[in-house]
Amino acid sequence: NAGVTQTPKFQVLKTGQSMTLQCAQDMNHEYMSWYRQDPGMGLRLIHYSVGAGITDQGEVPNGYNVSRSTTEDFPLRLLSAAPSQTSVYFCASRQYRTEQYFGPGTRLTVT
Amino acid sequence: KQEVTQIPAALSVPEGENLVLNCSFTDSAIYNLQWFRQDPGKGLTSLLLIQSSQREQTSGRLNASLDKSSGRSTLYIAASQPGDSATYLCAVSYGQNFVFGPGTRLSVLP
């Protein structure tokens, strides 16, 4: 099993550009989540999904969109990047009430 | 508001010492609590998961306890090694919402 994979590992964007961060898991987990990690702020939940076709907002959803068309994939879209979205982004998956597994992260810089 | 704190923020110990990391949470209506380690520039690695009905979990040299009524969890590391150096995070589950603590940065000196 590859576990949770994320692409790309690093990305630099200019303000106003759009991009999609990819996340995939091969453990048949129903629950998937996106977090961002910032110095002094810890990890914060952006969006999550409890199954294909079902998504909901977390603590900091503004500026981000998600969709879940398959169990395996959960992409995160930045529609118009802003410098405040410079962060490290982590994707995670789990089953109901079980441990979360995290991907290796995407380091995003917006200039 | 649901908040999670971790004490100490940083800890430096000589190799071989036993040590305790602390995690406190304000809302005791938790589903479970998970401990992670994070190496610099890397993702989070799961160490232990304690369900709300459990009091402790053990894995090798690690033992995690949970006291819901007092809003506390501790991670005990026995016979620490330089390879244990990392940041340790606790995450409290409230259903779909997970609240993370800020972490404890551990350095184990040879």
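Check the stretch A:29-41 and report whether any residue there is in contact with a Ser or Thr (Cβ under 9 Å, 6 or more places away or on another chain) and away from every other protein chain (no Cβ under 14 Å).
no
I'd like to check something: does the stretch A:90-101 contain any residue that is more than 10 Å from every other protein chain (Cβ to nearest Cβ), of a type in the set (S, T, N, Q), open to solvent by 80 Å² or more (accessible area, probe 1.4 Å) and not in a strand (DSSP E or B)?
Of all residues in the stretch A:90-101, those more than 10 Å from every other protein chain (Cβ to nearest Cβ) come to A:93, A:95.
Narrowing further to those that are of a type in the set (S, T, N, Q): A:93, A:95.
Remaining after also requiring open to solvent by 80 Å² or more (accessible area, probe 1.4 Å): none.
Looking for residues that are more than 10 Å from every other protein chain (Cβ to nearest Cβ), of a type in the set (S, T, N, Q), open to solvent by 80 Å² or more (accessible area, probe 1.4 Å) and not in a strand (DSSP E or B), one finds none in the stretch A:90-101, hence no.
Enumerate the pairs (first residue in the stretch B:1-24 and within 12 Å of residue B:74 (Cα to Cα); second residue anywhere and basic (Lys, Arg) and open to solvent by 60 Å² or more (accessible area, probe 1.4 Å)) with beta-carbon separation below 6 Å, excluding pairs fewer than 6 apart on the same chain, so at least 6 apart or on different chains.
B:24/B:72
For residue A:18, indicate whether it is surrounded by 14 or more Cβ atoms within 10 Å (Cβ to Cβ) and more than 28 Å from residue B:37 (Cβ to Cβ).
Values: surrounded by 14 or more Cβ atoms within 10 Å (Cβ to Cβ): no; more than 28 Å from residue B:37 (Cβ to Cβ): yes.
No: the conditions fail for residue A:18.
Give B:30, B:50 a once-over and let me know the one that is open to solvent by less than 20 Å² (accessible area, probe 1.4 Å), within 26 Å of residue A:56 (Cβ to Cβ) and not in a strand (DSSP E or B). First the steps, then the outcome.
Working: B:50 fails: not in a strand (DSSP E or B).
Step by step, each of B:30, B:50 is checked, and only B:30 is open to solvent by less than 20 Å² (accessible area, probe 1.4 Å), within 26 Å of residue A:56 (Cβ to Cβ) and not in a strand (DSSP E or B).
Which pairs have Cβ atoms under 7 Å, sit 6 or more apart or on different chains, and link a residue in the stretch A:1-17 that is in a loop (DSSP other than H, G, I, E, B) to one that is of a type in the set (A, V, I, L, M, F, W, C)?
Final answer for the pair search is A:1/A:27; A:3/A:27; A:15/A:81; A:15/A:82; A:15/A:110; A:16/A:81; A:17/A:81.
Which members of the stretch B:60-110 meet the condition of being within 13 Å of the chain's Cα centre (by Cα), hydroxyl-bearing (Ser, Thr, Tyr) and part of a loop (DSSP other than H, G, I, E, B)?
none
The values are calculated or read from the model by the stated rules, or taken from the named source; none is laboratory data. In this text the structure is predicted, and so the values were computed from the model without any measurement. Heads up, the Cβs are rebuilt from the backbone with ideal geometry, glycines too, and the neighbour counts pull from every protein chain shown. Remember, those area values only see protein heavy atoms, side chains included, never the ligands or the DNA or RNA. Shrake-Rupley method; radii C 1.70, N 1.55, O 1.52, S 1.80 Å.
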